[in-house]
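Have a look at the structure below before the remarks.
The values are calculated or read from the model by the stated rules, or taken from the named source; none is laboratory data. The shown structure was predicted, so the numbers you read here are calculated from the model rather than taken from an experiment. For neighbour counting, all protein chains shown are included, and Cβ atoms are generated from backbone atoms with ideal geometry for every residue, glycine included. Accessible surface is based on the protein model in full, side chains and every heavy atom, while ligands, DNA and RNA are left aside. Shrake-Rupley method; radii C 1.70, N 1.55, O 1.52, S 1.80 Å.
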Amino acid sequence: MNSSDLTSEALEKISSIDQSGYELRSVLAVAQDAMDQARRLDQNYTDLPLGGLPILIKDNIEALGLPASAGTLALSNTPVIRDSSVAQRLRAAGAVIVGATNLSEWANIRSTKSTSGWSSVGGLTANPWKHAHSAGGSSSGSGAAVAAGITQWAVGSETDGSIICPASLNGCVGIKPTVGSIPRDAMIPISPSQDTPGPMAQTVAQAAVLLDVLTNQHQYARAAMHDGELRIGVVNSWMTENDGVNGLCEDAVTALAKAGVVITRVELSPPTDEVQNDELHVLMHEMNTAIEKYLGDRAGTTIKSIADIVAFNKKHQETEMAHFGQELFELALEIGGTGAEYEAERARNLAWANHTLDTGLADVDVLIGCTYGPAWVSTLGSGDDFGSASWITTAPAIAGTPIGTIPMGLVGGLPVGLGFVSRRNDEARLIHAMAKAESALGLGILNPTFSK
């Protein structure tokens with residue numbers, strides 16, 4: 001199939017699966033020039049990494065022809081007049097950017113009672129396996145669309161869990177790379193110390209190709225085919241409260257051992273309340289400065305600060321705050337931007353994360369554990385049920401180091417993920433381990449049942 005055929009097929013799936021029929025609501029906006037992009041690639045075909053392939057991009061990353069709204073009405077009518085570096089690299093690699101994916105509004109940083117996958121612009125993204133269940137967040141639409149096969153590739157972004165959670169809950173591959181390895185210009189921010197875009201795909205090989213494009217590297221696709229020696233540490237505290245999920249993790253460990261991987265058991269302490277509070281405050285401090293800088297550079301909007309966002313939401317309560325409030329934005333205003341208090345909190349946070357990762361990775365190449373339990377039922381206004389989540393994302397998020405996930409099976413008819421953590425800038429080894437596990441598990445691509 002040429003690019004026009006592939007793009008037409010993706011647009012048809014958006015129409016028949018996403019916007020009607022099952023009403024997945026993973027796609028917030030469709031690029032009106034998608035077929036034109038595809039025809040140009042067909043007419044001027046060159047051998048490019050993503051030659052002619054349709055791809056979706058999270059709607060907090062700017063791409064010409066798409067809203068980059070972060071799911072909020074405050075930005076939904078502000079025209080995008082530039083391509084982010086991420087969009088530029090995708091186009092240069094031959095991708096057709098067919099649309100923008102829905103997300104948890106403002107990347108899930110507005111309220112402690114927010115519902116993952118809901119935004120005032122895009123509505124509530126469903127899980128393709130069971131419609132009433134959560135697609136996770138905040139890259140909800142990217143994970144749901146890839147799992148549903150609308151496209152095989154999507155770009156998400158993560159601060160702490162926002163790629164890993166939807167990849168795990170929907171049953172696809174997700175990678176959050178080292179913070180700073182992918183440009184973040186023209187991307188609506190939360191935290192300069194923790195934010196990064198990252199690939200989501202149906203297989204590890206696909207995610208590796210996309211990571212090559214996004215980082216402008218040429219090593220990760222090769223890493224997915226590497227078959228050298230591998231030492232993996234199984235973190236005993238990175239389990240869940242779900243026995244079925246934990247059992248699948250142990251099955252995966254057994255499969256890896258049979259495939260020749262050296263397995264070690266690793267003991268790490270979960271984050272304390274102080275660690276979690278420090279991380280939240282760090283995000284609040286950084287968000288004040290980062291969002292103000294981003295909005296100051298974005299033409300055509302009168303929304304220029306968190307104070308402006310709070311005022312806008314109060315003015316549009318019937319839509320913006322129909323299901324939950326904005327207490328995290330209000331907390332950010334209360335504690336202010338970066339300063340001495342921020343520096344102390346960040347120093348404590350980073351010391352804990354680095355010590356945890358250095359300890360865990362001292363004698364192994366990669367750490368593994370469970371990610372999340374099966375997707376919970378979405379309950380607008382009551383928040384998310386993270387009771388069956390492990391602590392696997394916390395230290396990598398704070399330290400800005402790589403983390404990935406692959407599907408490891410189904411529990412109660414819903415997919416769950418096996419997580420991988422590596423050292424900073426060691427995505428090649430992370431991908432090697434993910435590919436090894438994917439092969440050892442032998443699951444192939446999980447195909448959702450689209451159950452209502």
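At-a-glance table
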item	result
Residues of the range 75-88 satisfying the condition of being under 14 Å from residue 294 (Cα atoms) and touching a Ser or Thr at 6+ places or on another chain (Cβ under 8 Å)	75, 78
Among the candidates 330, 292, residue that is within 24 Å of the chain's Cα centre (by Cα), assigned to a helix (DSSP H, G or I) and of a type in the set (Asp, Glu)	292
Top-ranked residue of the range 269-289 - restricted to ones that are open to solvent by 20 Å² or more (accessible area, probe 1.4 Å) and outside any helix (DSSP H, G or I), ranked as nearest to residue 344 (Cα to Cα)	272
Some residue of the range 56-64 being buried (at least 24 other Cβ atoms within 10 Å of the Cβ), of a type outside the set (Asp, Glu), in contact with an Asp or Glu (Cβ under 7 Å, 6 or more places away or on another chain) and closer than 21 Å to residue 6 by Cβ	yes
Any hit, the range 391-398, residues being in contact with a Pro (Cβ under 6 Å, 6 or more places away or on another chain), β-branched (Val, Ile, Thr) and outside any strand (DSSP E or B)	yes
Residues located in the range 36-63, provided they are closer than 30 Å to residue 326 by Cβ and without any contact (Cβ under 8 Å) to a residue 60 or more places away in the chain	63
Matching residues in the range 63-85 - criterion: being over 18 Å from residue 27 (Cβ atoms) and among the polar types (S, T, N, Q)	77, 78, 84, 85
Qualifying residue in the range 366-385 (condition: farther than 19 Å from residue 115 by Cα, open to solvent by 10 Å² or more (accessible area, probe 1.4 Å), touching a residue at least 40 places away in the same chain (Cβ under 8 Å) and not in a helix (DSSP H, G or I))	no
Residue among 338, 302 that alone is among the polar types (S, T, N, Q) and either in a helix (DSSP H, G or I) or touching a residue at least 12 places away in the same chain (Cβ under 8 Å) (or both)	338
Residue check for residue 193: in contact with a strand residue (DSSP E or B) (Cβ under 9 Å, 6 or more places away or on another chain), open to solvent by 10 Å² or more (accessible area, probe 1.4 Å) and either part of a loop (DSSP other than H, G, I, E, B) or β-branched (Val, Ile, Thr) (or both)	no
